Each structure stands twice: as structure tokens, then as C-alpha cells.
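Peer 1: The structure's right below; bear with me while I get my questions together.
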Amino acid sequence: MKLYYAPGACSLADHIVAVEGGLTLDLEKVDLKAHITESGVDFRKINPKGYVPALELDDGSLLTENSAILAFLGDQAGLMPEGMDRYRALEWIGYISTEIHKSFGPLFHDSAQEVKTKAKDKIRQRLQLAEEKLSGGYLLGGKFSPPDAYLFVMLRWCDKNKIDLAAMPRLTAFKARMENRAGVSKALKQEGLQ
């Protein structure tokens, strides 16, 4: 399998899940501004959506969107929970994708300062739910699962965009816990982020 990624983008969550689960992925970096892969291919010919992540499967087919790739890799790695907890994991992935990830949009574009301030406030409000639910160390309790990788990437984006989370001690502890995981550290190093 080959993961098309951009360093520090949301594709980092997929990369973390693969490494944490012991999966071997070929990695191909994508310049998202130029839409060119590291090997010089027009990325839009690979993924017409033009953004990462994109996962090329062994049969040559392509899987896109974090919600699908995180669940797929989580299943392959044995990291997706079973039973009702599986649906809770999908619920968190959906929430992170639609309510937190999407809220960063104005911060990555030339938006007015007032728009950026409102976006930061919205992100903090959306993260409050995770703060309240992080009682067992991870989103689903005491064990790492794919939505934890996605939440970790969002917290890194908070740092990058100077979103103060000092009033959220559980999220702060969660981020530190994730940074200390061997798989997370390895994925960060492979993307040149550490």
C-alpha cells in the first residue's frame, strides 16, 4: 500500500495508525500547492480531489478521505475496536472530521483576522467535548484507537495556529501521551516533523 501524504497534514493520522499497527506503507510526499508528488507526477491524476490523504491499495485501487482510510487501516492493523466501540470510534472520526478539522479552514487561507478569531473560538468549543470525554487516557478509554491519531493531528494544528488549550488539561496530557508513543514518534520522524 502507498500513502500519499503532506507532512503534518491530516494524512499524518493515517500514517500514525499504520505505524502503530505495524503495517508497512510506501510513502509518497505531495506538494499540495503545486499538486505534484515527490516522484514528479501530477497528483490530480492520482486523486482528482487534489488533496491528501489518498491510499493506493495493493490491487491498484485508490481509497480517499480520512474517515474511510482511518477505519480501513485500523481494521488492517487490528486497532479498530469491535462491537459498539467500533461505532463509537467511527462517531469520533466523523466528529473530528466535520466539526474540528473543517473548522480550521479559515486559518489555512487568507481570511480576515475577525474570521480567524471566530474559527479559533469554534475550534476550542468543539474540542471541549473531547476534553470532557478523555477520562481514561484515550477517546475510547484506556486503549489507543484510530480517532486518537486524528485528534492528535488536530492538536498539533492548534499549536501551529496558536490556539491556546491551557484550560484543557486532559487534552494537554493526551497530546503529551501521544507524543511519547513510539509509533507516533516514528511517523513524525518519517515526515520530517521531529
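The values are calculated or read from the model by the stated rules, or taken from the named source; none is laboratory data. What you are looking at is a predicted structure, and each value in this text was computed from that prediction instead of being measured. Methodologically, a virtual Cβ is constructed for each residue, glycine included, from the backbone with ideal geometry; neighbour enumeration extends over all protein chains shown.
Peer 1: Mind checking which residues of the stretch 173-188 are in a helix (DSSP H, G or I), surrounded by 11 or more Cβ atoms within 10 Å (Cβ to Cβ) and under 17 Å from the mean Cα position of the chain (by Cα)?
Peer 2: Across the stretch 173-188, the qualifying residues are F174, K175, R177, M178, E179, G183, V184, S185, K186, A187, L188.
Peer 1: Identify, please: which residue in the stretch 127-158 is at pLDDT 95 or above and among the polar types (S, T, N, Q) and is, among those, surrounded by the fewest Cβ atoms within 10 Å (Cβ to Cβ)?
Peer 2: The qualifying residue surrounded by the fewest Cβ atoms within 10 Å (Cβ to Cβ) is Q128.
Peer 1: Identify the single condition in (1) out of contact with any Lys or Arg (no Cβ under 6 Å at 6 or more places or on another chain); (2) touching a residue at least 40 places away in the same chain (Cβ under 8 Å) that I163 does not satisfy, given that it satisfies every other one.
Peer 2: So I163 meets the others, but not (1).
Peer 1: Then there's this: Count, please, the residues in the stretch 4-54 that happen to be outside any helix (DSSP H, G or I), under 17 Å from L70 (Cβ atoms) and more than 13 Å from the chain's Cα centre (by Cα).
Peer 2: Residues meeting the conditions: 9.
Peer 1: If you don't mind, there's one more thing I want to ask. Is the stretch 146-165 home to any residue that is in contact with a strand residue (DSSP E or B) (Cβ under 7 Å, 6 or more places away or on another chain) and either in the same structural domain as A54 (by TED's automatic domain parsing) or in a helix (DSSP H, G or I) (or both)?
Peer 2: Scanning the stretch 146-165 turns up at least one residue that is in contact with a strand residue (DSSP E or B) (Cβ under 7 Å, 6 or more places away or on another chain) and either in the same structural domain as A54 (by TED's automatic domain parsing) or in a helix (DSSP H, G or I) (or both).
Peer 1: I would also like to ask the following. Within the stretch 2-44, work out how many residues are on the phi > 0 side of the Ramachandran plot and touching a residue at least 24 places away in the same chain (Cβ under 8 Å). Reasoning before the result, please.
Peer 2: As a first pass, look at the stretch 2-44 and keep what is on the phi > 0 side of the Ramachandran plot: 8, 22, 35, 40.
Keeping just the survivors that are touching a residue at least 24 places away in the same chain (Cβ under 8 Å) gives 8, 22.
Result for the stretch 2-44: 2.
Peer 1: Among the numbered criteria (1) touching a helix residue (DSSP H, G or I) at 6+ places or on another chain (Cβ under 6 Å); (2) free of Cβ contacts under 8 Å to residues at least 60 places away in the same chain; (3) surrounded by 15 or more Cβ atoms within 10 Å (Cβ to Cβ), which single criterion is violated by Q194?
Peer 2: The failed condition is (3).
Peer 1: Can you find a residue in the stretch 28-40 that is touching a strand residue (DSSP E or B) at 6+ places or on another chain (Cβ under 6 Å), of a type in the set (D, E) and not assigned by TED's automatic domain parsing to the domain that holds K162?
Peer 2: Scanning the stretch 28-40, I find at least one residue that is touching a strand residue (DSSP E or B) at 6+ places or on another chain (Cβ under 6 Å), of a type in the set (D, E) and not assigned by TED's automatic domain parsing to the domain that holds K162, so the answer is yes.
Peer 1: Ok, one more. Do the conditions hold for I16, that is, is it among the aliphatic types (A, V, I, L, M), farther than 21 Å from G78 by Cα and either modelled with pLDDT of 95 or more or surrounded by fewer than 18 Cβ atoms within 10 Å (Cβ to Cβ) (or both)?
Peer 2: No.
Peer 1: In addition: Restricting attention to the stretch 69-90, does a residue exist that is out of contact with any Gly (no Cβ under 9 Å at 6 or more places or on another chain), crowded, with 16+ Cβ neighbours inside 10 Å, modelled with pLDDT of 95 or more and part of a loop (DSSP other than H, G, I, E, B)?
Peer 2: Checked the stretch 69-90: no residue is out of contact with any Gly (no Cβ under 9 Å at 6 or more places or on another chain), crowded, with 16+ Cβ neighbours inside 10 Å, modelled with pLDDT of 95 or more and part of a loop (DSSP other than H, G, I, E, B).
Peer 1: For the stretch 101-125, which positions are free of Cβ contacts under 8 Å to residues at least 12 places away in the same chain, more than 21 Å from N66 (Cα to Cα), of a type in the set (A, V, I, L, M, F, W, C) and assigned to a helix (DSSP H, G or I)?
Peer 2: V115
Peer 1: Sticking with this one: Tell me which of these L27 doesn't satisfy, since it passes every other one: (1) touching a Leu at 6+ places or on another chain (Cβ under 7 Å); (2) buried (at least 17 other Cβ atoms within 10 Å of the Cβ).
Peer 2: Here L27 meets the rest and fails (2).
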